[in-house]
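Everything below concerns the one structure shown next.
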Amino acid sequence: MKTKFFKKMNIIMTIVLLLGITLTTSAFVATSSSYSLESDSLNTGGLLSTSTNYQIEDTVGEVGTGTTTSTTYVTLAGYQQMQETHLSVSVGSDIVMTPLTLTQSSGVGSTTWTIITDNVAGYSATVYVTVSDACVDLDGGGAVDALCNTGDGDSFRDISTTKHTWDVDNEYSFGWSAHGDDVTGFGTDTDCVAEVNVPSAGLLWQGFHGATAYQIASSATRTSPTGVATIMCVASEQDTVFAPSGTYYATTTITVITL
């Protein structure tokens with residue numbers, strides 16, 4: 001069974017020229033190098049029956065089964081009771097970036113999602129950004145302006161797989177990165193910034209490409225009861241070439257599924 005959670009938040013970039021979830025605790029009753037059994041059953045028999053239209057599994061002779069509840073817990077007793085997987089993700093705060101101006105060349109922002117799951121196989125989290133509001137013809141010249149209109153190979157415009165250190169030269173760009181205990185492939189830094197409004201040089205950055213979903217975090221085990229924080233960093237910069245004046249919006253969606 002896979003469980004999905006969706007959370008949305010807004011990234012707001014102003015250019016000023018302008019620029020309780022219930023968790024369970026369990027232990028494996030039997031393990032080897034090739035399997036793990038979370039629970040077992042003492043009964044007198046059972047059978048898995050199938051046809052072209054159905055599949056049914058029954059158990060005979062098991063005692064003490066059923067659902068028991070109180071104000072503080074739910075117990076699902078018995079072999080045939082579904083073992084539920086719990087998954088939650090916190091709401092990330094909106095990001096309002098430092099405006100770029102004639103004297104302010106860069107800005108950095110971040111948001112944090114805390115993911116909690118008791119699924120023994122872990123989870124995977126992906127993000128994608130709807131950048132239509134940030135990639136528009138602001139000056140009416142017929143070309144795409146804003147943070148998508150960047151020039152050379154170091155830009156972050158349509159880089160769907162390649163990550164590299166922040167490098168904006170004679171252009172303006174918008175890129176993203178991430179860090180956290182379950183984040184891999186985005187460098188070694190644990191901070192979005194090198195100094196105030198300067199993107200970290202220890203992270204690897206990339207751009208968002210259309211509605212492409214990018215894996216931002218994953219784990220092959222359950223999280224702790226308090227969860228694991230995933231931090232997404234966003235940055236913008238202009239060098240020599242000024243970005244068109246305006247206020248830009250991009251909506252980010254995180255999707256978390258159990259594995």
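None of the figures in this text is laboratory data; all of them are computed from the coordinates on show. Just so it is clear, the structure is predicted and the values come from calculations on it, not from any experiment. Glycine also receives a Cβ, built like all others from the backbone with ideal geometry; neighbour counts cover every protein chain displayed.
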Hull surface divided by four, with the convex hull built on the Cα atoms of segment 40-82: how many nm²?
-> 4.0
Summing +1 for each Lys or Arg and -1 for each Asp or Glu, what net charge is found among the other residues whose Cβ lies under 13 Å from the Cβ of residue 78?
-> -4
Modelled FRET efficiency - R0 25 Å, residue 72 with residue 253, Cβ distances, 0.05 increments = 0.15
Of 57, 237, 62, how do they rank once you tally other Cβ atoms within 10 Å and put the fewest first?
-> 57, 62, 237
The residues 88, 110, 200, 224, sorted from fewest to most surrounding Cβ atoms within 10 Å, come out as 224, 88, 110, 200
Computed FRET efficiency, Cβ-Cβ of residue 196 and residue 102, R0 25 Å: what is it to the nearest 0.05?
-> 0.85
Placing each pseudo-label 7 Å from Cα in the direction of the beta carbon, residue 52 and residue 213 end up separated by a distance in nanometres of 3.4
How far apart, in nm, are the 7 Å Cα→Cβ label points at residue 114 and residue 221?
-> 2.1
